[in-house]
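A short worksheet on the structure shown next.
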Amino acid sequence: MAGDEPAPDVGTARTAGTGFERIDWTAVDDADSTVPPAAVAAEALVFFSLVAAFVYDYVILANEAPTVGVVGWDVTGVEWLLVVVLAIGVFHAALPLARNRRLTAYYWRQFQKNRAAVVSLGFLGFVFLVGLVGPLIWTAPNEAIDYAAAYQPPVFAGGSWAYALGTDAQGRPLWHLIVYGMRVSLEVGLISMVFAISIGTVVGTAAAYFGGYVDEVLMRYVDLQQTFPVFILLLLLIYLYGASLLLIIALYGLFSWEGTARLVRSEALQRGEEAYVRAAEAAGAGRWWTIRRHLIPNVSSTVITAATLSIPVFILGEASLSFLGFGDPDVFSWGRTISAGRSDLPNAPWISTIPGLFLFLTVLAFNFVGDALRDAIDPR
Amino acid sequence: MKWYVVRRVAWAVVATYLAVSLTFGLLMVTPNAGADVAAAQAAASGQDYDAVRERYLERRGLDRPVEEQYIDYITNILTFDWGYSFSQGEPVLAAIGDAWVYSAQYFVPAIIISALLGYGIGLYSALNRYTPTDYLGSFVAYFGISIPNFWFAIVLILLFGVVLRLLPTFYDSSVALLSVQNVKQLLMPVVVLSTASVAGQMRYSRAQAIEYARSAFVKTARAKGASEWRVLTRHILRVALVPLSTILIADVLAVLFAGSFIIETIFQIPGLGRLALEAIQQKDTPLVLATTLIPVFIAIIGNLLQDLAYVALDPRIDYGDR
């Protein structure tokens, strides 16, 4: 496989030069890793317009009015966050991958060695797409209530194709409930992950690099947060403030980064001792430069793996809360559907089991992909 | 080393104090749910809403200055005067005393089974990598960490309770403690609860053992003619136990706490998890607090014991570092 690869292209500045002294190192640096100004400008523009749209939605539009009037879509707080997270994903995951074709192709070859992970990635792509656009195609479960069609079995249990996965006690098609559940899982998993991983990475690298009192204070806090079981804290806060999806997502994001922080700290401590960091410091690099240019990129494989493996934890956590009846009463989480179907277990087992199967497969797929990513991008 | 132990114990005390203060702070910044319930009930029977609310707060001393309440609160917690639970009709500690037996009945077997099975399978597959048993082990591990335990419980009930009619679908607290019937009704809760933690411990112990299986001291032991069993128990397990105890305390406790709420709800076991849920549903603040603080205290003590176990198990640990 490696034989038909083109020779590695180390950067145009280097191949064009004839001697060592003619290399323009600024150009090499720029070509290798800094983001082109156009991308920075585009990102700034996107985030600026998002903030503007958000302000417009919350300050100028009345509370009840839909944000996008034509389709009657009233964007909720959680959906705003999801859009922001997707924009972050485009600029900080998809674009760099597309720019570094050679590296991407290499990672992909490594990743492909794990066939279960490739299948899982396909399934996650399906869940992502359906969760994102599905709610625009299929009607909301509450608008599809039809008592005449209650307890329709799924197709494979003798039902009709009109309700391929069957219906629940109120005649809502199970497929609609599952699609809206995908959206909820998507929001919980991605938004909480971005919160938790960002905080954890910043805290971990800061603790490792500054050491001394900064390290002591940050890690003591991490100890404390690790001691307080996050599920119990969530129950207590939901008891005090009432359940909403935004609260659940925010709490998972703000109170479950301690594992990442610890991991990044120990990783950064190891990286910090390595020759290239010492060389950068000796050449006069400042602290922030060293952290941003040398430490964070070198702990990123740990961070990406931790990020992928944290998503299923958040999805499962939210589903468990909803199952216990502490979820947001306005959204159709899978946990809520599973819980509602419990009383019909003997006569309509599909209501609980089919959404549960989707939840199980989603979590399983994330775990497969996370482990394959670790093997593909973590050289150790 | 003495200094290390002292520091750890001191930290446990500080953490306890901070956790208790945190709950107090949360209670202070939120409107009193119990007072609202009482006032709403009074308003329904024709009394003045605000007046009843005031009286409710006054009777419980909640109209006093914050610092006075705070000192009172801390003292009460420390002297085990945890208040009266109106939803259970008895003091909070008595309610907990009644409930913990039911939780322990499935909790303790689940911890023992998951530790034995998890470490056993993990170590075995580390020493027999890429064999069918190893693959079976990692399949079980993926299954265990991915399956939502509430869904797993429902599927088991459907299969063994509804279709096959082998096991009871819910827990009956009138059954004698030491009877076949009791074992049968605890079977599914124990299986569900241990599945998740078996998987975590298995993955972790496998990774740890693989790391040590290649180390110089293990090769030396083998070269000197130590049997596989001796290498495993005396050399690999001894060093691997240190990081393994970390996951046993931190992650497993978290899995078990969250799991106990779900399992007790599904199987209708009148244990601590259900007590906490009922307290939340009925806005019974003293009981909510107690059921929040107990897991926190257990976690703090667990972490302390684990830190002290580190010292005993691995003499290489530098006490100056964490």
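With respect to the conditions (1) within 22 Å of A:Ser320 (Cβ to Cβ); (2) more than 14 Å from every other protein chain (Cβ to nearest Cβ); (3) buried (at least 20 other Cβ atoms within 10 Å of the Cβ), B:Ile111 falls short on a single one, namely (3). You will find that of A:Arg271, A:Arg278, A:Arg342, the residue that is surrounded by fewer than 16 Cβ atoms within 10 Å (Cβ to Cβ) and part of a helix (DSSP H, G or I) is A:Arg278 and no other.
Could you look through region B:17-33, keep only residues that are more than 9 Å from every other protein chain (Cβ to nearest Cβ) and assigned to a helix (DSSP H, G or I), and pick out the one that is modelled with the lowest pLDDT? Top of the filtered list is B:Met28.
The residue list B:Ala94, B:Ala51, B:Ala42 contains one member that is closer than 16 Å to B:Asp284 by Cα, among the small types (Gly, Ala, Ser) and either in contact with a strand residue (DSSP E or B) (Cβ under 7 Å, 6 or more places away or on another chain) or free of Cβ contacts under 8 Å to residues at least 60 places away in the same chain (or both), which is B:Ala94. Step by step: first the residues of region A:315-367, then only those that are of a type in the set (Phe, Trp, Tyr) and more than 7 Å from chain B (Cβ to nearest Cβ), then the one that is nearest to A:Val194 (Cα to Cα). Which residue is that? Looking at residues that are of a type in the set (Phe, Trp, Tyr) and more than 7 Å from chain B (Cβ to nearest Cβ), I get A:Phe366.
Matching residues to (1) under 30 Å from A:Asn347 (Cβ atoms); (2) in a helix (DSSP H, G or I):
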site	(1), (2)
A:Ala94	no, yes
A:Leu97	no, yes
A:Phe111	no, yes
A:Gly122	no, yes
A:Gly134	yes, yes
A:Glu143	yes, yes
A:Gln152	yes, no
A:Ala169	yes, no
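In region B:36-48, the condition of being surrounded by 14 or more Cβ atoms within 10 Å (Cβ to Cβ) and within 29 Å of the chain's Cα centre (by Cα) is met by no residue.
The listed residues are B:Val155, B:Val175, B:Val101, and the only one of them that is away from chain A (no Cβ under 14 Å) and at pLDDT 85 or above turns out to be B:Val101. For A:Tyr241, the conditions (1) within 9 Å of another protein chain (Cβ to nearest Cβ); (2) surrounded by 18 or more Cβ atoms within 10 Å (Cβ to Cβ) all hold with the exception of (2).
Kindly evaluate B:Ala290 against the criterion of being in a helix (DSSP H, G or I), in contact (Cβ under 8 Å) with a residue 60 or more places away in the chain, closer than 24 Å to B:Thr79 by Cα and at the interface with another protein chain (Cβ under 9 Å from one of its Cβ atoms). When the stated conditions are applied, B:Ala290 does not pass them. Taking the criterion of being polar (S, T, N, Q) and modelled with pLDDT under 80, the only residue of region B:283-302 that qualifies is B:Thr285. Residue pairs whose Cβ atoms lie under 7 Å apart, separated by 6 or more positions or on different chains, with the first residue in region B:1-25 and among the charged types (D, E, K, R) and the second assigned to a helix (DSSP H, G or I) and surrounded by 12 or more Cβ atoms within 10 Å (Cβ to Cβ), are B:Arg8/B:Leu304; B:Arg8/B:Asp307; B:Arg8/B:Leu308.
Per the listing A:Leu269, A:Leu246, A:Leu251, the residue uniquely of a type in the set (A, V, I, L, M), modelled with pLDDT under 85 and touching a helix residue (DSSP H, G or I) at 6+ places or on another chain (Cβ under 6 Å) is A:Leu269.
Checking each residue in region B:61-115 for being outside any helix (DSSP H, G or I) and either farther than 18 Å from B:Leu275 by Cβ or among the basic types (Lys, Arg) (or both) picks out B:Gly61, B:Leu62, B:Asp63, B:Arg64, B:Pro65, B:Thr79, B:Asp81.
The values are calculated or read from the model by the stated rules, or taken from the named source; none is laboratory data. Note that this is a predicted model, so its numbers are computed, not measured. No Cβ is skipped: glycine too gets one built from the backbone with ideal geometry, and neighbour counts run over all protein chains shown.
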